1. Please compute one quarter of the surface area of the Cα convex hull for the range 88-197 and express it in square nanometres.
2. Mind checking the alpha-carbon convex hull of the chain and giving the volume per residue in Å³?
3. As a test of understanding, state the convex hull volume per residue of the range 307-381 from its alpha carbons, in Å³.
4. How about the range 323-419: which trypsin sites (Lys or Arg not before Pro) there lie in a loop by DSSP and see at most 16 other Cβ atoms within 10 Å?
5. Which loop trypsin sites (Lys or Arg not before Pro) in the range 12-121, with loop taken from DSSP, have no more than 12 other Cβ atoms within 10 angstrom of their Cβ?
6. Do you know the Lys pair count in the range 49-193 for C-alpha distances under 25 Å, with sequence separation 8 or more or different chains?
7. State the percentage of accessible surface on the chain attributable to carbon and sulfur atoms; use a 1.4 Å probe and exclude ligands, DNA and RNA.
8. What GluC sites (Glu not before Pro) does the range 201-265 have in DSSP loop regions with at most 13 other beta carbons within 10 Å?
Amino acid sequence: MKTIQAEASQVPFAKQIEEIVMSTPITDIHTHLYEPVFTELLLWGIDELLTYHYLVAETFRYLDMPYEKYWAMSKTQQADLIWDTLFIQHSPISEACRGVLTTLQLLGLDVKKRDLPALRKYFKTQNVDGYITKCMELAGLKKIYMTNSPFDDLERPTWEKGFKRDSRFQACLRIDPLFLWQAEAAPKMAKMGYKVDAGAKPNQKFFDEIRRFLADWAKKMNPRYVMASIPPEYTFPDKTMSAQILEKAILPFCRENGLPLALMPGVRKLINPALRLAGDGVGLSNLLTIQHLCAQFPENKFLLTVLARENQHEACVLARKYRNLHLFGCWWFTNIPEIINEMTRMRLELIGLSITPQHSDARVLDQIIYKWNHSRRIIAQVLVDKYADIARTGWHVSREEVQRDVKDLFGGAFERFCG
Ligand code: FIX
Ligand code: ZN
């Protein structure tokens, strides 16, 4: 077995690891991107990059204008304002700003000129289908997982019509309104023909109707998992309608259909509603809920990404205790280099390689380019240190072994977990 050290004379150890990490194809298991058939739902191009809600939040820190005035602007006017505020009036050093620059650079565009109109010309020459392939090649992605909600009025009609699936994309059944039994759930489900109403008694007929809803949408979407984001305080077990729906409808449905349930605890929705999508906050999650779910439902598989930095250590320990729990991604406010580095090291040191260190959460197609370029670099650095640590003991890994491990981190372990 030719170990990486043996080749040290030719190519430095770290470089070899970096090459493998930068070139291994990735399955991006959570994004807000869509197959082209969903037309305007798939956001792409410079104006969408600049009006990403992360940048909206950063821009308003400099603006005195009423929020409504911004929302009344055209997309191009909004992009102009954000470009001027965050890139021209101030240096674009935040992760989200840097991301725009990395994307433009890797697309071969010249950011030095700081010429937004010229940049816009490039995107006008792209057609969406070819551009999807170009972005996936630049990001090194083999599959993009979507976030598909039957409760989304813009998305639902396309699923109901039916269409030929695009093999570059994988569906995931997103059910937040149902999972949290929010006010919009029952009326929308009733409109889709399901006998559920907001005042429904939580009896077997009610839970069967919810399972029928899930089964019908699973047939339409062929999802890889079922997903919901939950507030920090979400508690299970509990007497709430939501907890009963989880126990008596969602978990049995997932179990019987071999679908993992992906949970994303920690979001406080719209703590500043005037910022719209940019208005969500974070809170420390009660991970006892996850502990109870994993312990009480060993036949169910749970995917977990938690929003608060302070929850990450406990999440790692839970994954050590429950093999039906798989940790993934550095979600949202943890998706910055400082914390990606911290979380990846902590997970590798506490759990090992049976994790999925990252997902992009891209809302704009082009973002997959920078989100993966930035994360690959950090993951590569962490792996270089981890392999160097074991090398110091005399345990030398081969190129093939590193390739195997990286394949696992970039989708293999996830696929194996999902089965
Ligand atoms: O709930 C989610 O899937 C979150 O990722 C989004 O709601 C959030 O707006 C986002 O874009 C985070 O990166
Ligand atoms: Zn998301």
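1. Details: hull surface 42.4 nm².
Hull-based average projected area comes out at 10.6 nm².
2. It comes to 157 Å³ per residue, whole-number rounded.
3. Working: hull volume 6.4 nm³, N = 75.
It comes to 86 Å³ per residue, whole-number rounded.
4. Details: sites: Arg323, Arg345, Arg347, Arg363, Lys371, Arg376, Arg377, Lys386, Arg392, Arg399, Arg404, Lys407, Arg416; in loops: Arg323, Arg363, Arg392.
Answer in residue order: Arg323, Arg392.
5. Counting only loop positions with at most 12 other Cβ atoms within 10 Å, the trypsin sites (Lys or Arg not before Pro) in the range 12-121 are Arg61, Lys112, Lys113, Arg114.
6. Step by step, the pairs that qualify in the range 49-193 add up to 21.
7. Carbon and sulfur: 55 percent of the exposed surface of the chain.
8. Details: sites: Glu209, Glu233, Glu247, Glu256; in loops: Glu233.
Passing both the DSSP loop test and the Cβ count: Glu233.
The values are calculated or read from the model by the stated rules, or taken from the named source; none is laboratory data. In this text, all values refer to a predicted model and were calculated from it rather than measured experimentally. In this analysis, Cβ positions are derived from the backbone assuming ideal geometry, glycine residues included, and neighbour counts consider all displayed protein chains. The area values use the complete protein model at the heavy-atom level, side chains included, leaving out ligands, DNA and RNA. Shrake-Rupley method; radii C 1.70, N 1.55, O 1.52, S 1.80 Å.
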